[in-house]
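To start, the structure under review is shown below, and the notes come after it.
The values are calculated or read from the model by the stated rules, or taken from the named source; none is laboratory data. On a predicted model such as this, the values are computed, not experimentally measured, just so you know. FYI the Cβ positions are ideal-geometry reconstructions off the backbone, even for glycines, and counts take in every protein chain you see.
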């Protein structure tokens, strides 16, 4: 039996104990996890130092090193998020629906854990702790697999957290990390249909595409956001400009940042020059179609067809002048990733059609795409942002890590 | 471009028109579909006659021929179910949640269609009409692919239904049937991630396993049911016997029929002989472990390890004597398919532990597993019974063919 399969069988076994555990025990486990991260920070930081040295030696770029890096402050931040999670309401055990059937059976649909959750992510040690905490909160066992650059840090965190939950009587196999950095281990993980209930990839488009293409385990796709701002002909420019700058520049590396700007032909002459100037002044590299190049006064380079479908995650944006609402909607439905889309308009009918017809997890009128976020939406802790339509769509709160079960209490009924 | 890809692109285009359509138009489309099935029954029956001839010529077994066969009565039954569906409440457009964000954005989570639904099923022409009707009701376009034995019947039905929806102004590409009976066509269909939003296989365990293993499109698994009845030591035998007979014999070919009987060791001596006699008298072939063979008075043949995991869908049942509640729960969680499971007991604690710890879509105390059904549960029309935990679990009503979308109405908010 492969190592990964054995690990999944142990996780499955542990998930049964989790499913029987009380909400109070799981919240105690979360507090123990937070305390252990602080108490054993030295062990984690020592492992992280080794990861950082190896990564620097391999010539890893700065932004990746920054995501990999841990220090006492970051560990304290992770721990305090886990304490906050312990205080959130527990979705497990909620009676979602129920009624007395005409034959007298009492039927209840109750919220239950998924069972075993697996997460594949990039070289970000903090995801190890976040994912483990969300899983324990929802009574799921979790199997973790971070990017190989972070393997020492992730394993140290997983070890500390597994010890912590064991200290309150939960099985330590409920939090497991795949030590092998071999590609074959991921392939095995993706093949364990029946042992793993859901696989959540978190990371870039390439990782997610590969998981979707290869997994036999059900997948929740997250986080790829080729988001648009469409400046309609009736837009208020004093509103459009701050929204565009915010959506592009406030945090360009995240999935709800805007990547592409569509400007209505009727307003392009009046609007584009000042928008281009403001974006260029903010340090955004611009590419566009012929019309936006002509109106952009030399600040807009030529866009290729690939640009319309690209999530830059950087200070770069594509610009296209569209003939009107129809072309804007059709362009977004063609090139977008169904994440977050916005229209800037003062026209009621345009706002209504845009929100009706654009196919995305979140559609905005006169607001930045940056709001698509669990905390902003009031969902509490967020597992990720789903860009698929099954199970969960948009920011996923704790409920996304649950399923339901029908319980029928009878007294001898037959059909 | 492959034929199937082009067909999916057309379905995607049609799905946009569906998404814009009103509930009233879609209900008119359903009534037109029902009327067209009746008016053009001759065309459908002629096609079915050719399918039946070919199937008989190929030596198709009786039960499969029965599922393939259509007559005027069966067509009338299909049509009247579609009329009933038109009268059901429309889930599309429901506001699922919503609030005013602290920054003033009005956020609504609204129920929307999935987009394009694909169904792969066996040689049952009626599924063509059922699936098309459920999809149109929920504003989804649908791509259908039935078993090759039924291709003429299915195509005739799809043709009649597509004409019918066109007559009320909906695009006929919203209902499409894959004409090719080639295996390659199914493979193409399963590869169309991004064009097809969900693939629902309906049929035997082999079909479903193959789709789960090969599909890049998200799948909802349905309908495989290796269901158990566990007779606890505190069972009332006068209640146990009718439930066992009902769960096994009332309709043995369906997924919620019981396939395996677990009897508590403490009650086996008193209970098993009469249970075995009743099952044998009802014509059920029995296989079991050594203990149940010994108690079964020659009516129980030896079971192999494979029997514990087999869904017979026939007048056959496996029997095992278990040491108690723990072994019963563990046996079910090992060999069951997470469909429907029942305990017969008068003991409160046993009932509570069984319903808490058995991992299945539906768990019963003192009632037949046969109740797991959309109509029995009051869900209205049923698309199938999900045995997975994501998106939908147990009988799936219309809501299972929907997703949600967040709409944020702002006035210039930035983050």
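What number goes with the only condition from (1) surrounded by fewer than 19 Cβ atoms within 10 Å (Cβ to Cβ); (2) at the interface with chain A (Cβ under 8 Å from one of its Cβ atoms); (3) at pLDDT 95 or above that residue B:352 does not pass?
For residue B:352, the exception is condition (2).
Output yes when any residue across region A:300-321 is within 29 Å of the chain's Cα centre (by Cα), part of a loop (DSSP other than H, G, I, E, B) and more than 25 Å from residue A:371 (Cβ to Cβ), and no when none is.
First, pick out the residues of region A:300-321 that are within 29 Å of the chain's Cα centre (by Cα): A:303-320.
Then drop every residue that is not part of a loop (DSSP other than H, G, I, E, B), which leaves A:303-304, A:309-315.
Next cut, more than 25 Å from residue A:371 (Cβ to Cβ) only: A:303-304.
Checked region A:300-321: at least one residue is within 29 Å of the chain's Cα centre (by Cα), part of a loop (DSSP other than H, G, I, E, B) and more than 25 Å from residue A:371 (Cβ to Cβ).
Can you tell me which residue in region A:279-297 is modelled with the lowest pLDDT, limited to those that are assigned to a loop (DSSP other than H, G, I, E, B) and closer than 21 Å to residue A:265 by Cβ?
Initial filter on region A:279-297 (assigned to a loop (DSSP other than H, G, I, E, B)): A:282-284, A:289, A:296-297.
Right, trim to closer than 21 Å to residue A:265 by Cβ and you get A:289, A:296-297.
On the way: A:289: 98, A:296: 95, A:297: 89.
Here the answer is A:297.
Being touching a helix residue (DSSP H, G or I) at 6+ places or on another chain (Cβ under 6 Å) and within 14 Å of another protein chain (Cβ to nearest Cβ) is the filter; apply it to region A:12-42 and report the residue that is surrounded by the fewest Cβ atoms within 10 Å (Cβ to Cβ).
The residue in question is A:14.
Could you check region B:193-236 and list, in sequence order, the residues that are within 22 Å of residue A:210 (Cα to Cα), out of contact with any helix residue (DSSP H, G or I) (no Cβ under 7 Å at 6 or more places or on another chain) and assigned to a helix (DSSP H, G or I)?
B:209, B:210, B:212, B:213
Determine, yes or no, whether residue A:252 is assigned to a loop (DSSP other than H, G, I, E, B) and in contact with a strand residue (DSSP E or B) (Cβ under 9 Å, 6 or more places away or on another chain).
Details: assigned to a loop (DSSP other than H, G, I, E, B): yes; in contact with a strand residue (DSSP E or B) (Cβ under 9 Å, 6 or more places away or on another chain): yes.
Answer is yes for this residue.
Of the residues in region B:273-284, how many are surrounded by fewer than 24 Cβ atoms within 10 Å (Cβ to Cβ) and touching a strand residue (DSSP E or B) at 6+ places or on another chain (Cβ under 7 Å)? Walk me through it before giving the result.
Initially, region B:273-284 is screened for residues surrounded by fewer than 24 Cβ atoms within 10 Å (Cβ to Cβ), giving B:273-274, B:277-278, B:280-284.
Applying the additional criterion that residues be touching a strand residue (DSSP E or B) at 6+ places or on another chain (Cβ under 7 Å) yields B:280, B:284.
Qualifying residue count for the region: 2.
Can you tell me which residue in region B:377-415 is surrounded by the fewest Cβ atoms within 10 Å (Cβ to Cβ), limited to those that are farther than 30 Å from residue A:347 by Cβ and within 7 Å of chain A (Cβ to nearest Cβ)? Steps first, answer last, please.
Step one: of region B:377-415, the residues farther than 30 Å from residue A:347 by Cβ are B:377-401.
Of the ones still in play, those that are also within 7 Å of chain A (Cβ to nearest Cβ) are B:377-378, B:388-391, B:393-394.
On the way: B:377: 22, B:378: 13, B:388: 21, B:389: 23, B:390: 21, B:391: 22, B:393: 23, B:394: 25.
Applying the filter and picking the extreme gives B:378.
Given the structure, is residue B:163 more than 18 Å from residue B:3 (Cα to Cα) and surrounded by fewer than 24 Cβ atoms within 10 Å (Cβ to Cβ)?
Values: more than 18 Å from residue B:3 (Cα to Cα): yes; surrounded by fewer than 24 Cβ atoms within 10 Å (Cβ to Cβ): yes.
Considered against the rule, which asks whether it is more than 18 Å from residue B:3 (Cα to Cα) and surrounded by fewer than 24 Cβ atoms within 10 Å (Cβ to Cβ), residue B:163 comes out as yes.
Hey, could you check region B:222-240 for residues that are at the interface with chain A (Cβ under 10 Å from one of its Cβ atoms) and surrounded by fewer than 24 Cβ atoms within 10 Å (Cβ to Cβ) and say which is nearest to the chain's Cα centre (by Cα)? Please lay out each step first, then the result.
Within region B:222-240, the subset at the interface with chain A (Cβ under 10 Å from one of its Cβ atoms) is B:236, B:238-240.
Restricting the remaining residues to those that are surrounded by fewer than 24 Cβ atoms within 10 Å (Cβ to Cβ) gives B:236, B:238-239.
Values: B:236: 32, B:238: 32, B:239: 28 Å.
The residue in question is B:239.
Quick test of your reading of the structure: residue A:373 fulfils all but one of (1) more than 9 Å from chain B (Cβ to nearest Cβ); (2) under 26 Å from residue B:197 (Cβ atoms); (3) out of contact with any helix residue (DSSP H, G or I) (no Cβ under 9 Å at 6 or more places or on another chain); (4) surrounded by fewer than 22 Cβ atoms within 10 Å (Cβ to Cβ). Name the failing condition by number.
The single condition residue A:373 does not satisfy is (1).
Residues in region B:362-372: is at least one in the same structural domain as residue B:272 (by TED's automatic domain parsing), over 26 Å from residue A:104 (Cα atoms) and over 15 Å from the mean Cα position of the chain (by Cα)?
No, region B:362-372 contains no residue that is in the same structural domain as residue B:272 (by TED's automatic domain parsing), over 26 Å from residue A:104 (Cα atoms) and over 15 Å from the mean Cα position of the chain (by Cα).
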